[in-house]
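*Asks:* The following block contains the structure, expressed as structure tokens.
The values are calculated or read from the model by the stated rules, or taken from the named source; none is laboratory data. Bear in mind that the values here come from a model prediction, so they are computed numbers and not experimental data. In this analysis, Cβ positions are derived from the backbone assuming ideal geometry, glycine residues included, and neighbour counts consider all displayed protein chains. Quick note on the areas: whole protein, heavy atoms, side chains included, nothing else; ligands and nucleic acids left out. Shrake-Rupley method; radii C 1.70, N 1.55, O 1.52, S 1.80 Å.
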Amino acid sequence: ILLLAKADIIFLIIVFGATLILGFMSFYFFSNIKNLSEVKQEIKNSIGKRIINQATNALGIDIEQCKLIKPVIMHGDAYSNIFNQYAYNMKDDFTSNYSFLVLLFSENQLFYYIYTFSLISDEENITSGEFFYKDVVAFKTESKKVEITLMNNTKTISKTKIKFTLMTTGGNAFEMIIKKKDEEKIQGMRQLLREKKNAMN
């Protein structure tokens with residue numbers, strides 16, 4: 001593995017662990033070292049307790065209070081240029097902006113934590129919050145075209161992705177691009193919401 005001495009890379013390594021970040025950076029800048037399947041495996045290995053702890057610390061809650069159902073973790077490419085620096089690998093459909101979403105369920109509330117970061121700069125964005133189940137309207141998924149600017153910034157293409165939306169009585173709380181397999185997790189969340197709504201009636 002190549003050692004990168006940049007301060008922003010060191011910061012990301014501290015936050016996410018060496019395997020995740022060095023794998024990503026190798027993919028983008030030293031493609032002969034890592035292939036896409038290895039990078040995806042490193043992402044898979046790097047989520048779990050680490051990202052849940054990050055979420056509970058940011059939310060100021062105890063995980064023991066949020067075991068109504070198993071914590072839901074979803075992660076995927078972020079296609080919006082929120083950091084003013086953006087790279088997209090069209091061959092492997094991979095982007096330099098990446099997001100993690102953690103959903104935690106207590107007896108009366110839903111907590112969410114979103115961490116979006118850039119692999120080519122030290123930029124990051126954190127969003128978190130909570131809703132009582134009575135204020136949650138639906139967990140919505142839909143296929144949607146997203147606009148992607150290529151690495152050289154000279155061309156924009158459209159890709160169809162699955163968008164997940166948390167809908168509340170006050171409007172949409174957030175939207176996020178997710179993977180096809182995450183739809184199974186959402187079904188369990190919908191069942192829980194139905195049970196909570198029925199109990200209120």
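*Asks:* Which pairs in the list K70/K163; K145/K196; K70/K140; K49/K179; K145/K185 are over 31 Å apart, alpha-carbon to alpha-carbon? Could the numbers behind the result be given before it?
*Replies:* Numbers: K70/K163 22 Å; K145/K196 33 Å; K70/K140 19 Å; K49/K179 20 Å; K145/K185 22 Å.
Over 31 Å apart, Cα to Cα: K145/K196.
*Asks:* Karplus couplings for the stretch 117-123 from phi (6.51 cos²θ - 1.76 cosθ + 1.60, θ = phi - 60°), rounded to Hz, Gly and Pro as x?
*Replies:* Couplings: 9, 9, 8, 10, 7, 9, 6 Hz.
*Asks:* Also, quick follow-up: May I have the convex hull volume per residue, in Å³, for the Cα set of the stretch 55-137?
*Replies:* Working: hull volume 9.4 nm³, N = 83.
Given the Cα convex hull of the stretch 55-137, per-residue volume reads 114 Å³.
*Asks:* Given R₀ = 25 Å, what would the calculated FRET efficiency be for E183 paired with S158, taking r from the Cβ atoms and rounding to 0.05?
*Replies:* Details: r = 21 Å, r/R0 = 0.85.
So, using R0 = 25 Å, E works out to roughly 0.70.
*Asks:* Continuing with this model, one more query. Per residue, how much accessible surface does the stretch 119-201 expose to a 1.4 Å probe? Answer in Å², no decimals.
*Replies:* On the way: 5010 Å² over 83 residues.
Result: 60 Å² of accessible area for each residue.
*Asks:* Follow-up question, since we're still on this one. Give me, ordered by chain and number, the residues 5 or more places off H75 or on other chains with an amide H under 5 Å from its own placed amide H.
*Replies:* Under 5 Å from the amide H of H75 lie the amide H atoms of L101, K179, each far enough along the sequence or on another chain.
*Asks:* So for the pair D135, E123, with labels modelled 7 Å out along Cα→Cβ, what separation do we get in nm?
*Replies:* Result: 2.9 nm between the two label points.
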